[in-house]
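What follows is a short report on a single structure.
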Amino acid sequence: MSDKNKLSVQALQWQDDVLLVLDQRQLPGTIIYDHCKTAASVAEAIKLMRVRGAPAIGIAAGYGVVLSVKKHYVSSPGNWRILVKEDIELLSGSRPTAVNLFWALEQMQKKINEITGNPINEVEQLAIRIHQDDIASNKKMGRLGADILGDAKSVMTHCNAGALATGGYGTALGVIRSAVERGGLTVFAGETRPWLQGARLTAWELAQDGIAVILIADSAAAYLMASNQIDWIIVGADRIAKNGDVANKIGTYSLAVLAKQHGVKMMVVAPTSTIDWDISDGSQIAIEERSAIELLPECYLQSDSIVTAWNPVFDVTPAELISVIVTENGVAMNPVAGGVEKLKK
Ligand code: MRU
């Protein structure tokens, strides 16, 4: 790889019989890769958010299937298909909202169904291709998104839709990387409570590439927009419905409402593997609720505490609040007018 194409941050590295997963719970203080050698350990890494972000979850699951096939084809040649199917079910239960997970597992299952001989090589090649295609899509979306930004001076992003959340380069952060390369762009990142994907991951990831970033408290976004400091909000997505409604990290919807009030434009960047062609609108998207423990201060964790928490980790932004959806197949400007159907290939 030339220096220009080198990926600075890699959430996932495949090494034949082991998937290396950069433990994102420990960033930015500790940089450590977990060694996942079974589908169950990959499912656990997704569930615990050691790996997170819609495309990265799908890619990790693909490699999880490879680990499963390698194990069961050798140890149980008579019924490996049944055992691999069980692992696929386990992987599909790891997180509910990002459709990339189910998309990748479906690709893997389809390939397995087609194979008559030794499946190992073909299944491994497919997982690697899903990973490589994602990086290529991100590079393409980066260029398309930067074209749309034109001479915008300042943007804000939410959560982490970067290299850490994908095969590499990132979706929203891919556009930001590409735009920064073309000229001066001021980048704001919301801290993204409660898990702090913005403060811990986006700020760290951009800094690794020498891209300056200004962190704000989530609650400062309205004032940032009211004081005319940003032109665009740029985010990724976990699932996009056919009508252009977008599920993404909790708080995206509030940003979109604020953007409308202040004349700021809203860009969603996601590969078509994030589009759920089976659902007509965002009301059909399963929204993950995570444990109250991730939100509550420690003093409220005793079993007799009357302080509890509600912790939905995604929300749905209606298409009418989105200016453009950028995919590797092209862009849907003003998606409320025609949804995303034209991006299907
Ligand atoms: O809970 P997370 O950290 O997995 O949520 C991630 C997001 O919401 C991202 O914005 C989305 O997956 C797009 S990543 C390219």
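The values are calculated or read from the model by the stated rules, or taken from the named source; none is laboratory data. Computed from a prediction, not measured in an experiment: that's the story for all the values here. In this analysis, Cβ positions are derived from the backbone assuming ideal geometry, glycine residues included, and neighbour counts consider all displayed protein chains. These area figures cover heavy atoms from the full protein model, side chains too; ligands, DNA and RNA do not enter into them. Shrake-Rupley method; radii C 1.70, N 1.55, O 1.52, S 1.80 Å.
Annotations
- Hits in the range 123-147 (condition: open to solvent by 40 Å² or more (accessible area, probe 1.4 Å) and in contact with a helix residue (DSSP H, G or I) (Cβ under 6 Å, 6 or more places away or on another chain)): R143
- Looking at I216, I211, just one residue is at pLDDT 95 or above, touching a Gly at 6+ places or on another chain (Cβ under 7 Å), open to solvent by 10 Å² or more (accessible area, probe 1.4 Å) and farther than 21 Å from I32 by Cβ, and that residue is I216.
- Being within 24 Å of A104 (Cβ to Cβ), more than 12 Å from the ligand (Cβ to nearest atom) and either in a helix (DSSP H, G or I) or not aromatic (F, W, Y) (or both) is a description that applies to K242.
- Top-ranked residue in the range 30-56 [being open to solvent by less than 10 Å² (accessible area, probe 1.4 Å) and part of a loop (DSSP other than H, G, I, E, B); ranked as farthest from the ligand (Cβ to nearest atom)]: V51
- Looking across the range 170-191, the residues that are of a type in the set (G, A, S), open to solvent by 10 Å² or more (accessible area, probe 1.4 Å) and not in a helix (DSSP H, G or I) come down to G183, G184.
- Test: residue in the range 107-116 that is farther than 30 Å from I322 by Cα, more than 16 Å from the ligand (Cβ to nearest atom), not assigned by TED's automatic domain parsing to the domain that holds P271 and not in a helix (DSSP H, G or I): yes
- For the range 71-84, a residue qualifies if it is open to solvent by 40 Å² or more (accessible area, probe 1.4 Å) and either among the hydroxyl-bearing types (S, T, Y) or out of contact with any Ser or Thr (no Cβ under 9 Å at 6 or more places or on another chain) (or both), and the qualifying residues are Y73, V74, S75, P77, G78, N79, R81.
- Considering (1) touching a helix residue (DSSP H, G or I) at 6+ places or on another chain (Cβ under 8 Å); (2) open to solvent by 20 Å² or more (accessible area, probe 1.4 Å), the lone condition that P271 does not fulfil carries the number (2).
- When residues of the range 85-112 are limited to those that are touching a residue at least 60 places away in the same chain (Cβ under 8 Å) and of a type in the set (A, V, I, L, M, F, W, C), the one most open to solvent (accessible area, probe 1.4 Å): W103
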